[in-house]
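Q: Got a structure for you, written out below as structure tokens; questions coming shortly.
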Amino acid sequence: MTNEEESCVLKNAYASSDINGLRNYDISITRKTYEKYLTLKGADIESEIMHFAIDIASRGGTDMVIEWLLGGMKMEKQKLVSLLQQTLPKDILRYID
């Protein structure tokens, strides 16, 4: 499969807003990952503010990664990771080593 074909497949997969679509699946997995990590670090993930912070980080981070993928991954991967980390909500950042 060529890069163009792969890009087309990704665009179609992420275009769906279906509840079982790839984007929603990625957000769900990202949310669960944050919840597990933060729980291990002692965060109260049930608090209203932490729940909201996790939701923002999961949705926003996932959408930025999808945009990066569909845009041809022109930004260096490490720069993307750094930008994502720097812009996490402060309630999550305080638990990141």
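Q: Between the stretch 78-97 and the stretch 22-77, what's the alpha-carbon centroid distance in Å?
A: 11 Å
Q: Then there's this: Counting only protein heavy atoms, what percent of the accessible surface of the stretch 50-97 is carbon or sulfur at a 1.4 Å probe?
A: Looking at the stretch 50-97 in its full context, I get 60 percent from C and S.
Q: Express the accessible area of the chain per residue in Å², computed with a 1.4 Å probe while the remaining protein chains stay in the model.
A: Accessible area per residue: 73 Å².
Q: Which stretch or stretches of the stretch 61-97 have amide N atoms under 13 Å from the point lying 7 Å from GLU6's Cα along the Cα→Cβ direction?
A: Residues passing the 13 Å test: 69-74.
Q: Let me know the charge dipole size of the chain about its Cα centre in debye, to the nearest 20, where only the beta-carbon of Lys, Arg (+1) and Asp, Glu (-1) is charged.
A: 240 debye
Q: Also, quick follow-up: For the chain, what does the relative contact order come out to in percent, with C-alpha contacts under 8 Å and a separation of six or more?
A: 28 percent
Q: Rounded to the nearest 500, what is the 222 nm mean residue ellipticity of the chain from helices alone, with -39500 (n - 2.57) per DSSP H run of 4+ residues and division by all residues?
A: Calculated at 222 nm, the ellipticity per residue is -23000 deg cm²/dmol.
Q: Using the Kirkwood formula over every pair of different C-alpha atoms, what hydrodynamic radius in Å results for the stretch 41-91?
A: 12.0 Å
Q: What FRET efficiency comes out for the pair GLU48/ASP97, r = Cβ-Cβ distance, R0 = 25 Å, nearest 0.05?
A: 0.50
Q: A follow-up question, please. For all pairs of alpha-carbon atoms in the chain, what percent lies in each bin of width 10 Å, listed from the first bin to the last filled one?
A: 15, 41, 31, 12, 1
The values are calculated or read from the model by the stated rules, or taken from the named source; none is laboratory data. What you are looking at is a predicted structure, and each value in this text was computed from that prediction instead of being measured. Positions of Cβ are backbone-derived with ideal geometry, glycine not excepted, and every protein chain shown enters the neighbour counts. In case anyone asks, the SASA skips ligands and DNA or RNA and just uses the protein heavy atoms, side chains included. Shrake-Rupley method; radii C 1.70, N 1.55, O 1.52, S 1.80 Å.
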